[in-house]
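Written below as structure tokens is the structure these notes are about.
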Amino acid sequence: MDLMLQSVGHSYNGQTVLEDISLDIPSGQIVCLIGPSGCGKSTLLRLIGGLEQPGAGRVLASAPPADSLNPLTYIFQDFALLPWRTVAGNVALVLEDHALSASERAAIVQDVLARTKLSEFAQALPKQLSGGMKQRVAIARALAVRPAALLLDEPLSALDSQTRELLLDDLVDLWTRQPFTGVYVTHNLYEATRLGARIVVLSRRPGRIRDIVDIDRPLAERAIGDPALEAIQKRLWGAMRDEALAADRELADGR
Amino acid sequence: MADDLNAVPFRGGGFRPERRRGVGWLVFVVLLGLWELLTATGVISNLTLPRLSDVAMTYVYLWESGLLFKHVIPSLQRFAVGSLMGLTAGVAVGFAIGLFSLARAGLVPLVAALFPIPKIALLPLFVIWFGIDEGSKYALIAFGVFTPTVVATYGGVDNVDRGLIRMGQSFGLSWMSIVRKIVLPGALPALLSGLRVSLAIAIILLVAAEMLGAQHGIGAYILEAGSLYDLERLFAGVIMLSALGVAVSWGIGQLERRLLAWRS
């Protein structure tokens with residue numbers, strides 16, 4: 001599914017957080033949004049998925065494939081799993097409102113748990129799982145509704161660096177097997193260069209597009225310590241450093 | 001390395017409740033044993049405190065004469081019916097306040113105005129409205145249970161993780177599904193701890209209602225014993241109330257263990 005932002009702007013309580021964001025997100029590609037904390041990148045993601053209404057401009061999407069149950073599907077930083085449901089129950093939750101037979105539903109749950117290597121944990125409760133496993137459950141849940149675009153809100157930020165590396169590989173595998181449209185919000189330059197076909201750098205508040213970097217190298221060929229990727233990270237950091245420094249010194253309420 | 005090495009003292013213990021089986025029983029047994037010992041030996045005069053064994057004999061009498069059930073059954077019925085009415089209305093209003101801004105704006109001040117009224121003061125009013133029979137007793141207990149249940153329920157709904165609700169919306173779940181599958185289970189811990197308070201209030205009001213106009217019931221039994229200064233029977237009645245309180249608390253504990261097993 002193609003997504004298009006047309007001069008999107010947003011403000012909270014009279015304070016502008018996003019200004020004049022125009023962006024194309026082509027089908028089958030992952031676009032990474034990076035920027036210093038408080039630049040409105042998570043807000044932008046909520047605007048893209050319709051969880052918030054833009055104060056200005058428009059968010060447009062092409063018609064999703066007919067078999068998609070929930071075209072714009074989120075993966076959250078804090079996993080957002082129901083603690084009282086098992087792994088299988090958490091995945092089933094998002095299917096229960098759709099007209100599916102019990103056997104179809106069970107088949108989907110089984111399929112996505114197998115794809116995320118969670119089959120043996122189907123009956124476990126979230127509290128029994130590590131952070132990485134919880135995020136895998138959230139990924140399985142997102143895949144269950146056959147999304148046309150995945151909206152990932154710092155999905156690896158709550159995880160330790162080893163787990164993060166493993167999940168990055170999983171995401172790359174998933175994309176390689178079946179390329180999906182993705183918007184990936186992160187503050188981590190390395191994650192952005194591993195996953196992004198295009199990296200959009202936002203300035204600090206009010207967030208504007210500062211730079212757009214395209215990376216041609218296929219996802220499967222990118223790895224830790226790749227000098228080309230590191231050069232891009234260095235360039236991005238050069239663009240962001242002063243902004244990050246200024247953002248760090250800002251008071252939360254902006255006064 | 002120096003050779004004056006000492007073990008580092010441990011200083012991280014405590015501040016962590018642990019499960020100690022049987023201690024609760026032990027406290028009961030020791031207290032009751034002390035009671036029997038001191039009254040039997042005459043250290044405490046029987047005019048001050050009846051002998052435990054005499055209180056026990058009162059139970060034997062109550063059981064053999066069938067009076068026990070004559071008093072306990074109506075009380076249990078009033079407790080159950082009144083509480084159920086109050087809980088149903090309280091949970092419904094609490095959810096309305098938690099889910100709809102209009103209900104919140106309109107009802108929260110009203111609940112705040114009703115909460116501090118001593119419900120016993122309203123019993124004469126309820127007698128006029130609902131009659132001297134069971135109606136006024138049900139109404140008193142229901143009303144007493146209602147307000148704390150409302151407050152506990154909307155507090156619980158307010159505390160449901162907004163991130164989970166946002167997740168439900170982002171997957172296109174219907175409003176009803178979000179309420180049933182996310183808000184209700186999320187509010188359940190607060191609901192159950194509110195239930196403890198509500199049912200304790202229900203027991204207090206049960207006795208109050210029965211003291212002011214009932215032939216049978218634990219409250220009536222205690223009032224009658226009290227006015228005759230019959231301490232054995234007074235204690236027998238009070239112990240029934242304690243037993244009811246312990247049973248209710250145990251029941252809620254079981255509910256919590258079964259329904260909230262997902263909590264870490």
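The values are calculated or read from the model by the stated rules, or taken from the named source; none is laboratory data. Keep in mind that this is a model prediction, so the values were computed, not measured. Neighbour counts are summed over all protein chains in view; Cβ atoms, including those assigned to glycine, are modelled from backbone coordinates with ideal geometry.
The table below gives the values:
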| read-out | value |
| --- | --- |
| Some residue of the stretch A:69-81 being surrounded by fewer than 16 Cβ atoms within 10 Å (Cβ to Cβ) and of a type outside the set (Ser, Thr, Tyr) | no |
| Any hit, the stretch B:219-234, residues being in a loop (DSSP other than H, G, I, E, B) and touching a helix residue (DSSP H, G or I) at 6+ places or on another chain (Cβ under 7 Å) | no |
| Residues (in a loop (DSSP other than H, G, I, E, B), within 10 Å of chain B (Cβ to nearest Cβ) and touching a residue at least 60 places away in the same chain (Cβ under 8 Å)) located in the stretch A:45-80 | A:Gly49, A:Leu69, A:Asn70, A:Pro71, A:Phe76, A:Gln77, A:Asp78, A:Phe79 |
| Residues (within 14 Å of another protein chain (Cβ to nearest Cβ), buried (at least 20 other Cβ atoms within 10 Å of the Cβ) and of a type outside the set (Gly, Ala, Ser)) located in the stretch A:130-149 | A:Lys134, A:Gln135, A:Val137, A:Ile139, A:Arg141, A:Leu143, A:Val145, A:Pro147 |
| 3 or more residues in contact with a Leu (Cβ under 6 Å, 6 or more places away or on another chain) and surrounded by 11 or more Cβ atoms within 10 Å (Cβ to Cβ): qualifying strands (runs of 3 or more DSSP E) within the stretch A:161-255 | A:181-186 |
| The stretch B:140-162, residues that are more than 17 Å from the chain's Cα centre (by Cα), of a type outside the set (Phe, Trp, Tyr) and surrounded by 13 or more Cβ atoms within 10 Å (Cβ to Cβ) | B:Gly155, B:Gly156, B:Val157, B:Asp158, B:Asn159, B:Val160, B:Asp161 |
| Scan of the stretch A:110-129 for residues that are within 14 Å of chain B (Cβ to nearest Cβ) and either in contact (Cβ under 8 Å) with a residue 24 or more places away in the chain or in contact with a Pro (Cβ under 8 Å, 6 or more places away or on another chain) (or both), ordered by number | A:Val112, A:Gln123, A:Ala124, A:Leu125, A:Pro126, A:Lys127, A:Leu129 |
| Given (1) among the charged types (D, E, K, R); (2) touching a Lys or Arg at 6+ places or on another chain (Cβ under 6 Å); (3) not in a strand (DSSP E or B), number of the condition A:Glu19 does not satisfy | (3) |
| Selected residue [surrounded by fewer than 19 Cβ atoms within 10 Å (Cβ to Cβ) and not hydroxyl-bearing (Ser, Thr, Tyr)] from B:Gly226, B:Gly217 | B:Gly226 |
| Any hit, the stretch B:191-208, residues being within 14 Å of chain A (Cβ to nearest Cβ), farther than 21 Å from B:Ser53 by Cβ and assigned to a helix (DSSP H, G or I) | yes |
| Residue within the stretch B:56-66 that is out of contact with any Cys (no Cβ under 7 Å at 6 or more places or on another chain), exposed (fewer than 10 other Cβ atoms within 10 Å of the Cβ) and more than 20 Å from B:Leu231 (Cβ to Cβ) present | yes |
| Residue within the stretch B:156-165 that is touching a residue at least 24 places away in the same chain (Cβ under 8 Å), farther than 30 Å from A:Phe79 by Cα and away from chain A (no Cβ under 14 Å) present | no |
| Conditions (1) out of contact with any Phe, Trp or Tyr (no Cβ under 8 Å at 6 or more places or on another chain); (2) surrounded by fewer than 17 Cβ atoms within 10 Å (Cβ to Cβ); (3) within 14 Å of chain A (Cβ to nearest Cβ); (4) of a type outside the set (Lys, Arg): number failed by B:Gly172 | (2) |
| Considering residues of the stretch B:175-190 that are closer than 23 Å to A:Tyr74 by Cα and either of a type outside the set (A, V, I, L, M) or more than 14 Å from every other protein chain (Cβ to nearest Cβ) (or both) only, the residue surrounded by the most Cβ atoms within 10 Å (Cβ to Cβ) | B:Lys181 |
| Filter result (polar (S, T, N, Q) and in contact (Cβ under 8 Å) with a residue 24 or more places away in the chain) within the stretch B:47-61 | B:Thr58 |
| Residue tally, condition in a loop (DSSP other than H, G, I, E, B) and among the hydrophobic types (A, V, I, L, M, F, W, C), over the stretch A:144-160 | 5 |
| Residue within the stretch A:92-100 that is of a type in the set (A, V, I, L, M), surrounded by 18 or more Cβ atoms within 10 Å (Cβ to Cβ), touching a Leu at 6+ places or on another chain (Cβ under 6 Å) and not in a loop (DSSP other than H, G, I, E, B) present | no |
| Checking B:Leu123 against (1) in a helix (DSSP H, G or I); (2) at pLDDT 90 or above, the condition it does not meet | (2) |
| First in the stretch A:169-194 and in contact (Cβ under 8 Å) with a residue 12 or more places away in the chain, second anywhere and assigned to a loop (DSSP other than H, G, I, E, B) and of a type in the set (Ser, Thr, Tyr), Cβ under 6 Å, 6 or more apart | A:Thr181/A:Ser27 |
| Restricting the stretch B:5-55 to residues that are among the acidic types (Asp, Glu) and surrounded by 10 or more Cβ atoms within 10 Å (Cβ to Cβ), the residue that is nearest to B:Leu228 (Cα to Cα) | B:Asp54 |
| Contacts under 9 angstrom Cβ, first residue in the stretch B:134-149 being under 13 Å from B:Leu123 (Cβ atoms), partner part of a helix (DSSP H, G or I) and acidic (Asp, Glu), 6 or more apart | B:Lys137/B:Glu210 |
